[in-house]
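Here the structure is laid out as structure tokens; the discussion comes afterwards.
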Amino acid sequence: MPVAVQVSTAGVSRWSNHHPPTTMTTFWNDNEVPLGYLITIRTYGTWLPGDERGSIDRYHNSFRGPRVLPNPILEQQARSKLKSAPLILDSIKRQAVKDAIVEVCGNRDWLLRAINVRTNHAHSVVSVGLIKPSRALNAFKAYATRKLREPGLWPYAHSPWAERGSKRWLWTGMSIFNACDYVLNGQGHDLRDFDELERRRR
């Protein structure tokens, strides 16, 4: 029995069952296909090379591996090359991104287990069978870009997304549960305060 999600209108999906099913947490996947993936896409310009949080490049991109050390000069160089302001997702944009990911999963019969769209990234836990996770990640970006462009929420020719993205392989029921818990409950405070601040700035 999978960890179920119930799609809401707040940019976050919640579990309909609050405890991991026993059959899922004790099951070990002996196949060569993961049970699912934790996929993360990040918005344009919000995590640049040299960022104080650390960053990745072609030499620093292994799971839990070392990141590029903070480098203000490198970050400023990257910022000077941006084609537009960084994309920050307000409530309307977050809903558009969420709708896009839900839509692509429905169209392709993928199991969307959890989703959380934040101001500068979107996390999804999804099972796609034999499909490569990079195809799912690229589909999420493509659908979300269309959802943002159609109503004029992203008027630029370049992508609203940072290059590449994160694809973490989930091999066991417990890893699925932990990933869903991280996506739904490990992302910090509710975003309503942010939305109110954005409305006051307009």
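Every number here is computed from the coordinates shown, using simple stated rules; none is lab data. Values in this document were obtained by computation on a predicted structure and should not be read as measured data. Every residue, glycine as well, gets a Cβ built from its backbone with ideal geometry; the counts of neighbours run over all protein chains shown.
Show me the ranking of peptides 171-183, 98-110 by mean Cβ neighbours inside 10 Å, starting with the highest.
Working: 171-183: 20.2, 98-110: 17.3.
Listed from highest to lowest mean packing, they are 171-183, 98-110.
Given the Cα-Cα distance of R108 and Q95 and 0.36 nm per residue of separation, how much length would full extension add, in nm?
Full-extension gain reported as 2.7 nm.
Provide the gained length on full extension for the span S159 to N138, in nm with one decimal, where the gain is 0.36 nm per separating residue minus the Cα-Cα distance.
Values: separation 21, 0.36 × 21 = 7.56 nm, distance 1.16 nm.
Difference between extended and current length: 6.4 nm.
With labels modelled as points extended 7 Å from the Cα through the Cβ direction, what inter-label distance (nm, one decimal) is found for L130 paired with S84?
Going from the L130 label point to the S84 one covers 3.9 nm.
Rg and Dmax of segment 96-180, using alpha carbons, in Å: what are they?
13.1, 41
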